[in-house]
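The values are calculated or read from the model by the stated rules, or taken from the named source; none is laboratory data. Nothing here was measured: the structure is a model prediction, and the numbers come from that model. Heads up, the Cβs are rebuilt from the backbone with ideal geometry, glycines too, and the neighbour counts pull from every protein chain shown.
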Amino acid sequence: MIKNDIIFSRKYIKEATKITDPVERLKLVVTNFIANNFISPTLIQCRVPLNPIIGETYQQEMPTGEKLYCEQISHRPGISYFCMDDPDGDYRFYGYHQLKAHLNGPTSLAGNKECCHTLEFRDGTKYTF
């Protein structure tokens, strides 16, 4: 499901690699974060309970060349780590996601996603959010 959550990353991060102005680059990094977390495709499209297995992995080479690696590292709570490498070596994007659910009243359930992402650029600039 992480693949669905970071699907918008490629566009904004690749644009940010071409920018040298730190303020303009930061704008694209923030846009990337908002695009991936404001309306999460995982939470919207989730139709069944997820019960991932510890050690479950996923690897994919995107059509644009990025390589994505994911692994489920905890079952309860469910925590998944990911790493996405740019084919040109311009950036590395990695971190984890943890989906949480809690009672929001006697007959309703609410959820949220906790995460920590790190974005490293070739020039040594590093953002953690």
For segment 99-121, how many residues meet the condition of being farther than 21 Å from residue 28 by Cβ, in contact (Cβ under 8 Å) with a residue 24 or more places away in the chain and not hydrophobic (A, V, I, L, M, F, W, C)? 2
Residue pairs qualifying under the 8 Å Cβ cut-off, at least six apart or on distinct chains, with the first in segment 62-73 being of a type in the set (Gly, Ala, Ser) and the second being surrounded by 13 or more Cβ atoms within 10 Å (Cβ to Cβ), are 65/86
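A quick yes/no check of all residues on (1) more than 13 Å from residue 9 (Cβ to Cβ); (2) touching a Gly at 6+ places or on another chain (Cβ under 7 Å); (3) modelled with pLDDT of 85 or more; (4) among the basic types (Lys, Arg):
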site: 31; (1), (2), (3), (4): no, no, yes, no
site: 36; (1), (2), (3), (4): no, no, no, no
site: 39; (1), (2), (3), (4): yes, no, no, no
site: 53; (1), (2), (3), (4): yes, no, no, no
site: 64; (1), (2), (3), (4): no, no, no, no
site: 79; (1), (2), (3), (4): yes, no, yes, no
site: 85; (1), (2), (3), (4): no, no, yes, no
site: 112; (1), (2), (3), (4): yes, no, no, no
site: 117; (1), (2), (3), (4): no, yes, yes, no
